[in-house]
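The structure under discussion appears below in the form of structure tokens.
The values are calculated or read from the model by the stated rules, or taken from the named source; none is laboratory data. The shown structure was predicted, so the numbers you read here are calculated from the model rather than taken from an experiment. Counting neighbours? That spans all protein chains shown, and the Cβs are built from the backbone with ideal geometry, glycine included. Side chains are part of the model used for accessible areas, which takes the heavy atoms of the whole protein and leaves out ligands, DNA and RNA. Shrake-Rupley method; radii C 1.70, N 1.55, O 1.52, S 1.80 Å.
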Amino acid sequence: MIALLLLQATAAASPAPDPASIRAERVLTRAPVIDGHNDLAWELRDAQGGQVETTDLRRGTDALPRPLQTDIARLRRGHVGGQFWSVWIPADVTGPRAVEMTLEQIDIVRRLVAAYPRDLALATDARSVRRIADDGRIASLIGVEGGHQIDGRLSVLRQYKALGVGYMTLTHGKSLDWADSSTDDPRSGGLSPFGRQVVAEMNRIGMIVDVSHVSDATMAAVLAVAKAPVIASHSGARAVADAPRDIADELLRSIAANGGVVMVNFYPAFLSTAWRRWDTDRTVYANSIGVPADVYGAKSPAPLVAWDTTHPEPRVDAATVADHVDHVARVAGHDHVGLGGDFDGINGTGPVGMKGVDAYPALFAELVRRGWSDADLARLSRGNVLRVMERVEAVAAVSAGQPPVDAIDRAAR
């Protein structure tokens, strides 16, 4: 009798299962997320000293002295079935060294995949993504994050493709002679003649053009000449948060007309205008006292911990991310929205309770509560980006008889 009473008391104290979360888990089990952007490769290089094989991703990497936002267990909890691993290098690294560092980053990704063969497998097309996911593993794709990484040479671009690179972001934080960044002064005014050759060659060889980071003028120029759908691998909606990196409504509609996908990121600075202002003020204060501003939470320098206490961080949560996803879906359509978390590239930040790659079920539960259908959720998680990949591959197949163009940007001569 006592045991029965204890069991009844425990059951009464336990919260009832959340129907939205149950449905989200069911959808994600059937259609696991293909995420557009993760910077783990740079973190393994920079924070872990390049120790790919000895940094155990089977354990919770959030407990490391320099925590990571990615590990195998959280990828599984997040229902991640495909991941574009970014091979980012700093935008101020140029010339031959930029190519060398990119090759080193590609090597880190390939070593990462080789170290966990039961969980990860390299994917280079839509068919292999589906096959690997059906096998219960995580399809690992590669994205170059910045046109400076080709050193103005289409031959380098082609060699990246041969090494398994699936997309290239045309710029990072600095403008190039051939394409402008959203966070730098313009140099090309959109796309130079060489920039148009880059887009054409990417279409010819089946590499996805990524328009995250680029200026509005460059994005419009790309959409005017691209023969295949583009992606914005980790962006947001400017109507929801006023950030240069986010995309204005007219360009959201243009991406939809192109057949592309805007993949919403999880960085609070691109999700919330209030958080962005708070972070700017925090950075100004950190610089004034000579402490790093890119550490958050309890591990921040003591003066920043005190500043955070008197200047509370604006709340950014699953609802904030959902606001961006909802907006892109309303303006561009449910066929043109995806997810690109940008984890391990956002200094350990993220929405409340969503600071790692296990974050996706919370977002999907929020979208369920907002009335999203299972079909639209499945398009968001993977269907839309797979469609883009398949269309990019089809355009390349039609172009297979065209010879390569051996162009070199005038700035690289």
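Of note:
- Meets criteria (crowded, with 17+ Cβ neighbours inside 10 Å and part of a loop (DSSP other than H, G, I, E, B)) for ALA286: no
- Failed item in (1) surrounded by fewer than 20 Cβ atoms within 10 Å (Cβ to Cβ); (2) more than 23 Å from GLY333 (Cβ to Cβ), with TRP275 passing the rest: (1)
Yes/no matrix, rows are residues, columns are (1) free of Cβ contacts under 8 Å to residues at least 12 places away in the same chain; (2) hydroxyl-bearing (Ser, Thr, Tyr); (3) outside any loop (DSSP other than H, G, I, E, B):
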site: VAL222; (1), (2), (3): no, no, yes
site: PRO229; (1), (2), (3): no, no, no
site: HIS234; (1), (2), (3): no, no, yes
site: ASP242; (1), (2), (3): no, no, no
site: SER254; (1), (2), (3): no, yes, yes
site: ALA274; (1), (2), (3): no, no, yes
site: TRP278; (1), (2), (3): no, no, yes
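- Qualifying residue in region 363-375 (condition: acidic (Asp, Glu), touching a Lys or Arg at 6+ places or on another chain (Cβ under 6 Å) and either without any contact (Cβ under 8 Å) to a residue 24 or more places away in the chain or closer than 30 Å to ASP62 by Cβ (or both)): no
- The set of residues in region 281-305 being out of contact with any His (no Cβ under 9 Å at 6 or more places or on another chain) and hydroxyl-bearing (Ser, Thr, Tyr) consists of THR283, SER288, TYR296, SER300.
- In region 126-162, the residues that are in contact (Cβ under 8 Å) with a residue 60 or more places away in the chain, open to solvent by 50 Å² or more (accessible area, probe 1.4 Å) and not in a helix (DSSP H, G or I): ARG153
- Residue within region 84-104 that is modelled with pLDDT of 95 or more, buried (at least 21 other Cβ atoms within 10 Å of the Cβ) and closer than 30 Å to ILE22 by Cβ present: yes
- Number of positions in region 199-220 that are among the hydroxyl-bearing types (Ser, Thr, Tyr), in contact with an Asp or Glu (Cβ under 7 Å, 6 or more places away or on another chain) and in a loop (DSSP other than H, G, I, E, B): 1
- Selection within region 57-83 - open to solvent by 50 Å² or more (accessible area, probe 1.4 Å) and more than 16 Å from GLY356 (Cβ to Cβ): PRO65
- Within region 17-108, helices (runs of 4 or more DSSP H) holding 1 or more residues that are aromatic (Phe, Trp, Tyr) and closer than 21 Å to GLY341 by Cβ: 40-46
- For first residues located in region 167-188 and more than 23 Å from TRP85 (Cβ to Cβ), partners that are at pLDDT 95 or above and of a type in the set (Phe, Trp, Tyr) and lie 6+ apart or on another chain with Cβ distances below 7 Å form the pairs TRP178/PHE194; SER188/TRP178.
- Scope region 289-299; condition open to solvent by less than 60 Å² (accessible area, probe 1.4 Å) and within 16 Å of PRO65 (Cβ to Cβ); matching residues: VAL295, TYR296, GLY297
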